[in-house]
1. To check my understanding: the extent here is largest minus smallest coordinate of the Cα atoms along each principal axis. What are those three numbers for the chain, in Å, largest first?
2. Would you work out the relative contact order for the chain, in percent, from Cα pairs under 8 angstrom that are 6 or more residues apart?
3. Of the listed peptides 89-96, 9-16, 32-39, 116-123, what is their order by residue-averaged count of other C-beta atoms within 10 Å, with the highest listed first?
Amino acid sequence: QVLLVESGGGLVQAGGSLRLSCAVSGRTISRIAMGWFRQAPGKEREFVATIWWSAGSTYYADSMKGRFIISRDSAKNMVYLQMNSLTPEDTAVYYCAATTVGLSHHQNEYDYWGQGTQVTVSS
């Protein structure tokens, strides 16, 4: 079992930055990959980024490359999503998730999910 708790969401102006955090606890963390997904109002949940816990390898959705950075702090069991140059289109609920499959952008391969944190970008 893996428990995930997100934090760091909020209201930010367009062009601003925000860092989301995800506290991870539970099973052997080194054998999992962590991902961030988001769901905007009226839209399906979409992949943002993923990181392999042990190696630190990362993979991003094309639309997030260059603006979003995923990272992890093994000592603190935390995963982060640094979001820069935010636009109103980034407004969504952001979810942290865990999978044992590896670096995956398929949400159905993620077994564990956090409760989500709301990010609102004003124009």
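1. Principal-axis extents of the Cα atoms in the chain, largest first: 42, 28, 24 Å.
2. 36
3. Going by the mean number of other Cβ atoms within 10 Å, highest first, we get 32-39, 89-96, 116-123, 9-16.
FYI, it's all coordinate maths here, none of it is from the lab. On a predicted model such as this, the values are computed, not experimentally measured, just so you know. FYI the Cβ positions are ideal-geometry reconstructions off the backbone, even for glycines, and counts take in every protein chain you see.
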